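These notes are about the structure you will find just below.
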Amino acid sequence: MTQRTLVLLKPDAVRRSLVGEIIGRIERKAGWEITALELRALDQDTLEQHYGEHKGKPFYEPLVEFMSSGPVVALVVEGERVIEGVRQLAGPTDPIAAAPGSIRGDFGTIVRENLIHASDSEESAERELKLFFPGRA
Ligand code: RTP
Ligand code: MG
């Protein structure tokens, strides 16, 4: 089942020069292809839409502040079961709970600064791809 997903390498990944390491893990998965890639700063409006499901939660404001603290790398990745697959590569939200071998498990310690976002379902992927790469959907 070929799918497309939106991946964001968060500002901590860019600041810590982990972009190549993380993209390398995605690139090495058989048959997956990066079809868009851009370093960009995210504006408030984009972040509000992207994280709308978390509005009102205690971590929402600091999350938006963190996500605007520096540029992110936005990617579109296509391939076999890529939505579930990138979530597996990333590991669970809390990097301390994430197994070594996963991106968050190998490089993170702080829940907020967990290096990577990846769409969590086909519906989220469709919405997020439209938001970040309008015209490509
Ligand atoms: P993401 O949306 O970024 O791919 O991560 P996720 O699905 O694993 O986690 P989610 O529950 O959607 O939360 C979005 C992001 O908010 C930050 N967060 N901070 N308690 C906290 O301080 C807290 N909880 C979540 C993380 O950056 C998380 O990835
Ligand atoms: Mg999420």
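Please treat every number below as a calculation from the coordinates, not as lab data. Keep in mind it's a predicted model, so treat the numbers as computed, not measured. Note that each Cβ is placed from the backbone with ideal geometry, even for glycine, and that neighbours are counted across all protein chains shown.
Values as computed for the structure displayed
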| read-out | value |
| --- | --- |
| Two-site label geometry, ALA41 and GLU84: point separation in nm, points 7 Å out along Cα→Cβ | 4.0 nm |
| Helical mean residue ellipticity (222 nm; -39500 (n - 2.57) per DSSP H run of 4+; nearest 500) of the chain | -10500 deg cm²/dmol |
| Pairs of lysine residues in the range 2-132 - Cα separation under 24 Å, sequence separation of 8 or more or cross-chain | 5 |
